[in-house]
Amino acid sequence: MQHFEFKKINSLIIGRVRGLFPNHITPHLKELYCCMALLNFAFAALLLFEPIYLYTLGFPIYKILLYFAGVYVLYFFIAPLGGMYAKYKGFEHGIIAGSFFLIVYLISLMSVSLHWSFLLLAMLALALQKSFFWPAYHADFAYFSESGERGREISIIVIIDTFAWVLGPLAGGLLATLFGFPVMFALMCVVILCSNIPFLFKREEFTSSQFEYRTPFRYLASKEARPYVFGYLGFAEELIVFVLWPIFMFVTLDNVLETAGIAATSTLVTACVVLYVGTVIDTHDRNKAMKMGIILVSLSWLFRLVARGGYTLLFLDFFGRVSRNSFMMPLISGLYDFASKNNAIVKNVLLMEMSLSIGKVVIALVLATFFYFFGEQWNAVFVIAAACSLLYFFLARRHEPIKN
C-alpha cells in the first residue's frame, strides 16, 4: 500500500515538473536556444562589466550616461534599417549580422584605453548591433514558437539567459581580475562567433518581403500607438538596471569578482521562479501577471534604498530580476501571440524598440545632468527608477498590438 502511494506521489510530482516545460519544441527553436545560450553567455559577461570598465578607465558617471544617450539616439534612427534587413534577407541573417557588429563594438571598447575617440566608434557599432539583432530575434522566436505553449517556451529562453548570467559574470569577473578587461573582451568575441554555428546546420525557411524605412516612424506618431509609446517609455528604468546598478554594486563592494558573484548567485535562484511564471502565463490572465510584475518592479527599486552590504545586495538583485521577469515574460508572450497571427512582428518590435530608445535617451540626459551637479546621490536614482517603472501600467491595459 505504501509502495503504491509512493508511486502515485512520484507520478504526480513528475507530472507537475513536466508541466513547467513545453511539450513540443520545433527544431528551429532548438537552434535558436543553442545560439542564445552562447550569445547570452557573452552578453552576461559584457553587460555587467561594460559600465564598470568605463568607470575604471576614469570616465565619470555623467559621461557614461551621455555615451549611452548617444547609443540610443543612433539606435532610434538605425533600427528601421535592421527591420528592413530582417524582412528582406531573413531573421537568421539579421541575428548573424548583429553578432558581427557586436564584435566590432567589443574591439572598439577595448581600444578606448588607447584613445577616448574609439568610444564614438563603439557607440555606432552598438547601435548597429541592436538594430540588426533585436527585430530579427523577436521575429524569429514569434514565427517558430507555438501559441499555447509560448509562455513556457519563453521561460526556457529566460532559463538559458539565467544560467548564462550565472556563468557569464563569474567567467568575466575572473578573466577581468586575472588578465584585465581586454583579454575578457577578446575571449567573448570568440564566443560570439561560435553562437552563429547552430544556424549553419539547416537552411532558413523564409519568404523575402519589403519594409519601408518610414513605416515605424508613421506608426510611432499614430494615435493607436500612443498607449504603447507611453508604456515603452518606462524602459528608461532598464537603462538604470544595466548601467547604474552594476556601478553601484561595484562602488559598494569595491571588488569586480565579488560583484560578479552577487549577480551570478541571485540569477541562479531566479531560474526556479521563472519556470513557474511561464506556466502561469499560459494558463492565467497575462494582464494580471503583468500588473503584479510591475508593482514588484517598482517596489524592488524602493527596497534598494536600504542597500548596504553583500547579503542585502544579493537579495535586492534577486528580487529585481524576478520582478522584471514577472513583467517581461507576459508582455513578450502577448506580443508574440498577436504578431504571429497577424504577420506584424517587425512593426510591433520596432515600435517597442524605438519608443524605449526615447525613454532611455531622456532618462540618460536627466541623470547625467543630475550626477554632474549633485554627484552620486544613489537613493534619488532609485526613486526615479521606481517612478519610471509605473509607466509600464500603460502596457498592462487590454490593448492589442498594431496590425498590418
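Kindly evaluate residue 397 against the criterion of being within 21 Å of residue 161 (Cβ to Cβ), surrounded by fewer than 22 Cβ atoms within 10 Å (Cβ to Cβ) and at pLDDT below 85.
So residue 397 does not fit the description; no.
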Unmet criterion (only one of (1) under 21 Å from the mean Cα position of the chain (by Cα); (2) in contact (Cβ under 8 Å) with a residue 24 or more places away in the chain) for residue 174: (1)
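Any idea which residue in the stretch 273-315 is nearest to the chain's Cα centre (by Cα), counting only those that are of a type in the set (Phe, Trp, Tyr) and at pLDDT 70 or above? Spell out the reasoning first.
Step one: of the stretch 273-315, the residues of a type in the set (Phe, Trp, Tyr) are 276, 301, 303, 311, 315.
The next check asks that each one be at pLDDT 70 or above; those that pass are 301, 303, 311, 315.
Working: 301: 18, 303: 22, 311: 25, 315: 20 Å.
Ranking the candidates gives 301 first.
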Residue in the stretch 184-201 that is over 24 Å from residue 247 (Cα atoms), of a type in the set (Phe, Trp, Tyr) and touching a residue at least 24 places away in the same chain (Cβ under 8 Å) present: yes
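Could we say that residue 44 is touching a Pro at 6+ places or on another chain (Cβ under 8 Å) and in contact (Cβ under 8 Å) with a residue 12 or more places away in the chain here? Talk me through it step by step, then tell me what you get.
Numbers: touching a Pro at 6+ places or on another chain (Cβ under 8 Å): yes; in contact (Cβ under 8 Å) with a residue 12 or more places away in the chain: yes.
So residue 44 fits the description; yes.
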Failed item in (1) outside any helix (DSSP H, G or I); (2) closer than 28 Å to residue 216 by Cβ, with residue 87 passing the rest: (1)
Selection status of residue 195, loosely packed, with under 15 Cβ neighbours inside 10 Å and among the small types (Gly, Ala, Ser): no
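Can you find even one residue in the stretch 143-152 that is touching a Pro at 6+ places or on another chain (Cβ under 7 Å) and surrounded by 15 or more Cβ atoms within 10 Å (Cβ to Cβ)?
Kept after step one, since they are touching a Pro at 6+ places or on another chain (Cβ under 7 Å), are these residues of the stretch 143-152: 149, 152.
In the following step, the residues that additionally are surrounded by 15 or more Cβ atoms within 10 Å (Cβ to Cβ) were identified as 149, 152.
Checking the stretch 143-152: at least one residue is touching a Pro at 6+ places or on another chain (Cβ under 7 Å) and surrounded by 15 or more Cβ atoms within 10 Å (Cβ to Cβ).
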Among residues of the stretch 362-383, those that are among the aromatic types (Phe, Trp, Tyr), surrounded by 17 or more Cβ atoms within 10 Å (Cβ to Cβ) and more than 22 Å from residue 297 (Cα to Cα), counted: 2
Count - residues of the stretch 184-234 that are within 30 Å of residue 389 (Cα to Cα) and assigned to a helix (DSSP H, G or I): 15
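Suppose we filter the stretch 297-339 for residues that are among the charged types (D, E, K, R) and within 30 Å of residue 139 (Cβ to Cβ); how many remain? Even if it seems obvious, please write down each step before you answer.
So in the stretch 297-339, the residues among the charged types (D, E, K, R) come out as 304, 308, 317, 321, 324, 337.
After this cut, where a residue has to be within 30 Å of residue 139 (Cβ to Cβ) as well, the list is 321, 324, 337.
The qualifying residues number 3.
Looking at the stretch 89-104 only, could you name the residues that are among the aromatic types (Phe, Trp, Tyr) and either at pLDDT below 90 or under 14 Å from residue 184 (Cα atoms) (or both)? I'd like the intermediate steps shown before the answer.
Let us first name the residues in the stretch 89-104 that are among the aromatic types (Phe, Trp, Tyr), namely 91, 100-101.
Correct list: 91 only.
Test of understanding: among 82, 19, which residue is modelled with pLDDT of 85 or more, in contact with a helix residue (DSSP H, G or I) (Cβ under 7 Å, 6 or more places away or on another chain) and closer than 30 Å to residue 139 by Cβ? Full working, then the answer.
Numbers: 19 fails: modelled with pLDDT of 85 or more.
The conditions single out 82.
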Selection within the stretch 145-175 - hydrophobic (A, V, I, L, M, F, W, C) and either at pLDDT below 75 or closer than 16 Å to residue 96 by Cβ (or both): 158, 165, 166
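Can you name every residue in the stretch 313-335 that is among the β-branched types (Val, Ile, Thr) and either in contact (Cβ under 8 Å) with a residue 60 or more places away in the chain or in contact with an Asp or Glu (Cβ under 7 Å, 6 or more places away or on another chain) (or both)? If you could, list the steps in order and put the result at the bottom.
Here is the first cut: in the stretch 313-335, the ones among the β-branched types (Val, Ile, Thr) are 322, 332.
Correct list: 332 only.
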Members of the stretch 92-133 that are hydrophobic (A, V, I, L, M, F, W, C), more than 22 Å from residue 64 (Cβ to Cβ) and buried (at least 22 other Cβ atoms within 10 Å of the Cβ): 95, 132
One residue from 72, 88 being under 15 Å from the mean Cα position of the chain (by Cα) and hydroxyl-bearing (Ser, Thr, Tyr): 72
Tally, over the stretch 354-377, of residues that are modelled with pLDDT under 95 and under 23 Å from the mean Cα position of the chain (by Cα): 0
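The values are calculated or read from the model by the stated rules, or taken from the named source; none is laboratory data. Small disclaimer: the values here were computed from a predicted structure and weren't measured. Quick reminder, even Gly has a Cβ in these numbers, built from the backbone with ideal geometry, and neighbours come from all protein chains shown.
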